[in-house]
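The values are calculated or read from the model by the stated rules, or taken from the named source; none is laboratory data. Because the structure is a prediction, the values reported are computed rather than measured. So basically every Cβ, Gly included, is an ideal-geometry build from the backbone, and we count neighbours across all protein chains shown. Ligands, DNA and RNA are excluded from the accessible area calculation, which covers all protein heavy atoms including side chains. Shrake-Rupley method; radii C 1.70, N 1.55, O 1.52, S 1.80 Å.
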Amino acid sequence: MTTEQLILIYLVAMNVVTFFMYGIDKWKAKRSKWRISEATLLGMAVIGGSIGAWLGMRVWHHKTMHKKFQFGIPLILIIQLAIVIWLYSRR
């Protein structure tokens with residue numbers, strides 16, 4: 001398996017996990033249960049789950065009113081996309 005394939009598998013897995021973490025946190029919020037910390041949710045976006053975080057916010061309607069999520073998640077996503085474009089342009 002190539003490095004690019006491993007990276008793709010990692011990113012898909014991170015985004016799926018992050019997406020469901022947002023859904024789980026929303027479910028817990030509705031039931032006044034123990035919550036996933038905001039730092040963890042943002043951290044998941046930073047380490048590769050930004051698309052899953054953005055989709056999770058939209059699908060589950062979760063954290064959409066928090067400024068750090070409202071602006072932070074799209075910013076993280078844009079930075080990550082810029083890095084990918086830059087890396088591929090250097091080939």
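Structure notes:
- Residue identified as outside any loop (DSSP other than H, G, I, E, B), under 21 Å from T3 (Cα atoms) and at pLDDT below 95 among V46, V84: V84
- From A13, A29, residue being closer than 29 Å to R91 by Cα and either acidic (D, E) or assigned to a helix (DSSP H, G or I) (or both): A13
- Residue within region 56-78 that is under 8 Å from the mean Cα position of the chain (by Cα), open to solvent by 80 Å² or more (accessible area, probe 1.4 Å) and closer than 17 Å to M14 by Cβ present: no
- Among residues of region 4-47 being open to solvent by 60 Å² or more (accessible area, probe 1.4 Å) and charged (D, E, K, R), the one that is nearest to the chain's Cα centre (by Cα) is R35.
- For first residues located in region 49-64 and in contact (Cβ under 8 Å) with a residue 24 or more places away in the chain, partners that are among the charged types (D, E, K, R) and lie 6+ apart or on another chain with Cβ distances below 7 Å form the pairs M57/K63; W60/K26; H62/D25; H62/K26.
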